[in-house]
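Chemist: Right, I'll just put the structure down here and ask away after.
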Amino acid sequence: MKPMHVIAAALAATSLWVVAAESTSKLPAPWFVTSQTPSSYQAGIDNVETISGRGSKFLRNTQGDSKGLGTLMQSVSAKRYQGQRVRFQARIKSRDVTGWTGLWMRIDGPSGHSVAFYNSFDKPIVGSSDWQVRSVTLDVPDDAVSVNFGVNHDGTGQVWIDELSLDVVGKDVPVDAMPRNKLPESPSL
């Protein structure tokens, strides 16, 4: 190989590395990742895959065979939302998700236990999908302590969220609820 080609190839490789390094950045507080296998997930800000122009948040499975659920989330005080209906909305995009991904929200009461919860399991995003608007809406009781929200990701692949909002909405916006199995009339003993 000619010396100029070697130099050009080295410069090109260095430039690609610099661009890749600058295309993502560390996840800002108060966002964090939780999982049964935390080393299986990486999260941060992606400045390339974004529609807002401010960078999207991403959650990526780094262990190609992981089956554990990873969650990118934030918790805020419920004080300003108490007694109201709240909607967490975001644009979401996925790539090669083998399990499922979706938005979620949980309201915790004074005992620290969940008093309202929805995780989009019944409306999963799988595989690869372009940006789409998704939302979760819950009622926040008067004595609620925290509102917790984010995106779940199960299996392999990557998910991005962008243009996030957490807003009080009117009672005309339906509340999301987890599907319930019909309970048997009599026990099976």
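Chemist: Those residues that are out of contact with any strand residue (DSSP E or B) (no Cβ under 7 Å at 6 or more places or on another chain) and either among the β-branched types (V, I, T) or at pLDDT 95 or above (or both), I need them from the range 171-188; list them, please. Let's see the steps before the verdict.
Modeler: Taking the range 171-188 and keeping what is out of contact with any strand residue (DSSP E or B) (no Cβ under 7 Å at 6 or more places or on another chain), we get 172, 179-188.
D172, the sole residue that qualifies.
Chemist: While we're on this one: Could you count how many residues in the range 151-179 are assigned to a loop (DSSP other than H, G, I, E, B) and over 29 Å from D96 (Cα atoms)? Show your work before the answer.
Modeler: Going residue by residue through the range 151-179, those that are assigned to a loop (DSSP other than H, G, I, E, B) are 155-157, 170-179.
Of the ones still in play, those that are also over 29 Å from D96 (Cα atoms) are 170-175.
Selection size over the range 151-179: 6.
Chemist: Now for a separate question. State the number of residues belonging to the range 42-94 that are part of a strand (DSSP E or B) and of a type outside the set (F, W, Y). Break it down stepwise before answering.
Modeler: Looking only at the range 42-94, we keep the residues that are part of a strand (DSSP E or B), and these are 42-46, 56-61, 69-77, 85-94.
Now restrict to residues that are of a type outside the set (F, W, Y): 42-46, 56-57, 59-61, 69-77, 85-87, 89-94.
Total meeting the criteria: 28.
Chemist: As an exercise: evaluate V48 against (1) free of Cβ contacts under 8 Å to residues at least 40 places away in the same chain; (2) out of contact with any helix residue (DSSP H, G or I) (no Cβ under 7 Å at 6 or more places or on another chain) and give the number of the one condition it does not meet.
Modeler: (2)
The values are calculated or read from the model by the stated rules, or taken from the named source; none is laboratory data. The structure presented is a predicted model; accordingly, all values stated were derived computationally and were not measured. No Cβ is skipped: glycine too gets one built from the backbone with ideal geometry, and neighbour counts run over all protein chains shown.
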